[in-house]
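The values are calculated or read from the model by the stated rules, or taken from the named source; none is laboratory data. Bear in mind that the values here come from a model prediction, so they are computed numbers and not experimental data. Neighbour counts run over all protein chains shown; Cβ positions are idealised from the backbone, glycine included.
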Amino acid sequence: MMVDAKVNRQDDKDKNARSAYFGLPALDVSVAFPQATSASSFPPSVSDFYQFNDLLTPEEQALRKKVRQCVEKEVAPIMTKYWEKAEFPFEVVPKLGSLCIAGGTIKGYGCPGLSITGSAVAVAEVARVDASCSTFILVHSSLAMLTIALCGSEEQKHKYLPSLAKFDTVACWALTEPENGSDASGLRTTATKVEGGWVIEGKKRWIGNSTFADVLVIFARNTITNEINGFIIKKNAPGLTVTKIENKIGLRIVQNGDIVMNKVFVPDEDRLPGVNSFKDTNKVLAVSRVMVAWQPIGIAMGVYDMCHRYLKEREQFGAPLAAFQLNQQKLVLMLGNVQAMFLIGWRLCKLYEKGTMTPGQASLGKAWITLRARETVSLGRELLGGNGILSDFLVAKAFCDLEPIYTYEGTYDINTLVTGREITGVASFKPAALAKRSRL
């Protein structure tokens, strides 16, 4: 009791020492810094310097415009609040559903059957405003839905895809484990055959959408064949628990989770018949890697747009920041990066549509584009000065959001090794076996 009294007296002393205005709520950014407009009112798109929009079909152009208008209106005003709280804005899900982009290239089953170019450009437009929302869509659509479409039975496609396409239900895709990230083929989650189905045991980590997903696409090792199989698990299945991963610095709106499966029973009808080895995941990853390459393209476009407006609004030394040579040089370098990134992303889509895209091409595209996006966002962070560390002006948020994208769907290093194997014919993923010590 004496200790509590001392603590209370110390608290009273501390409060008396503070100013009368200590703890007041922060000023709205428009009041605190009226000279430049925050990202809640998103800047116009001005990054298409070489008019690459002309490379898109009229249908792709119309889709791009529709997605841009929606996310600028519905997502931009609220994204900073949710990003800071690391919470998901469930109220935007119906708006995203109205865009008819979930399911992407899948034909039938209520899905839009878009070209891969149209689907990729739609993802970029979402990422231009908020990278987390684009990741939410990619996990749901280009991983989970596409796995069901490419590897599922007709009954599974009819059962799950129509509601997923409308975002009436949400899906996640669980491959990564605590012990197996880049070495995903070594996963340890097991699937044991029992009467009428399978028993799944193991753990997954970093699984986006998993804390609220209705449908979980899970990969596990068949204890009889030792090969990787795929399964559909429904939320709240007995033995299934999912907890949110806290303290992320990037993609904070995305709800990444730790999944624990303790003897989860999956009926035979929810085993994905098209997943019989790890190689069967490659047909899904080939598409998703292209789509993920378009996320940093969109992020870089948004950062350029933000910096372009900011430099014309913000004044120092009696002139707008856009009037200074160093700032123009940085802005032009950012613009050049966006042009090159877009062109490589577009070419990847065309190679995929022709059926000639190789894993090495997809990996080089994802690795190189994310590298250039990192440079672009870093330059934007410099241009905004102090406001470059505020999520209100997009660039700081984009700076952080880009880091997990640089890592997932294959780290930069792993993707370079995929391409390196393709151009040299030599795989270098595992260290060479230690040879006997030389007499020298």
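Side notes on the structure shown:
- Ser41 being touching a Pro at 6+ places or on another chain (Cβ under 9 Å), free of Cβ contacts under 8 Å to residues at least 40 places away in the same chain and loosely packed, with under 12 Cβ neighbours inside 10 Å: yes
- Selected residue (only one of Gly152, Gly202 is farther than 17 Å from Ile137 by Cβ, surrounded by 21 or more Cβ atoms within 10 Å (Cβ to Cβ) and in contact with a Gly (Cβ under 7 Å, 6 or more places away or on another chain)): Gly152
- The set of residues from region 258-274 being among the aliphatic types (A, V, I, L, M), within 22 Å of Pro178 (Cα to Cα) and either under 26 Å from the mean Cα position of the chain (by Cα) or surrounded by fewer than 16 Cβ atoms within 10 Å (Cβ to Cβ) (or both) comprises Ile259, Val260, Met261.
- Of the criteria (1) touching a strand residue (DSSP E or B) at 6+ places or on another chain (Cβ under 8 Å); (2) on the phi < 0 side of the Ramachandran plot, which one Trp206 fails: (2)
- Of Ala362, Ala396, Ala322, all but one fail to be under 17 Å from the mean Cα position of the chain (by Cα) and within 25 Å of Pro44 (Cα to Cα); the exception is Ala396.
- When Ser277, Ser288 are screened for being within 26 Å of the chain's Cα centre (by Cα), of a type outside the set (D, E, K, R), under 30 Å from Gly196 (Cα atoms) and modelled with pLDDT under 95, only Ser277 passes.
- Test: residue in region 331-341 that is in a helix (DSSP H, G or I), within 26 Å of Ala102 (Cβ to Cβ) and of a type outside the set (Asp, Glu): yes
- Of all residues in region 316-330 being among the polar types (S, T, N, Q) and assigned to a helix (DSSP H, G or I), the one that is surrounded by the most Cβ atoms within 10 Å (Cβ to Cβ): Asn327
- The listed residue being surrounded by 15 or more Cβ atoms within 10 Å (Cβ to Cβ), assigned by TED's automatic domain parsing to the domain that holds Thr80 and not basic (Lys, Arg), out of Leu187, Leu240, Leu161: Leu161
- Residue check for Gly196: surrounded by fewer than 18 Cβ atoms within 10 Å (Cβ to Cβ), assigned by TED's automatic domain parsing to the domain that holds Ile233 and at positive phi: yes
- Subset of region 193-211 (residues that are part of a loop (DSSP other than H, G, I, E, B) and under 29 Å from Asn247 (Cα atoms)): Asn209, Ser210, Thr211
Each row is one residue, and each column tells you yes or no for (1) farther than 28 Å from Gly152 by Cβ; (2) in contact with an Asp or Glu (Cβ under 7 Å, 6 or more places away or on another chain); (3) among the basic types (Lys, Arg); (4) surrounded by fewer than 21 Cβ atoms within 10 Å (Cβ to Cβ).
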| residue | (1), (2), (3), (4) |
| --- | --- |
| Trp83 | yes, no, no, no |
| Ala86 | yes, no, no, yes |
| Ala102 | no, no, no, no |
| Ile106 | no, no, no, no |
| Val126 | no, no, no, no |
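- Any hit, region 56-72, residues being more than 20 Å from Ala165 (Cβ to Cβ), of a type in the set (A, V, I, L, M, F, W, C) and more than 20 Å from the chain's Cα centre (by Cα): yes
- Single match in Asn226, Asn222, Asn262 (criterion: among the polar types (S, T, N, Q), assigned by TED's automatic domain parsing to the domain that holds Leu175 and on the phi > 0 side of the Ramachandran plot): Asn226
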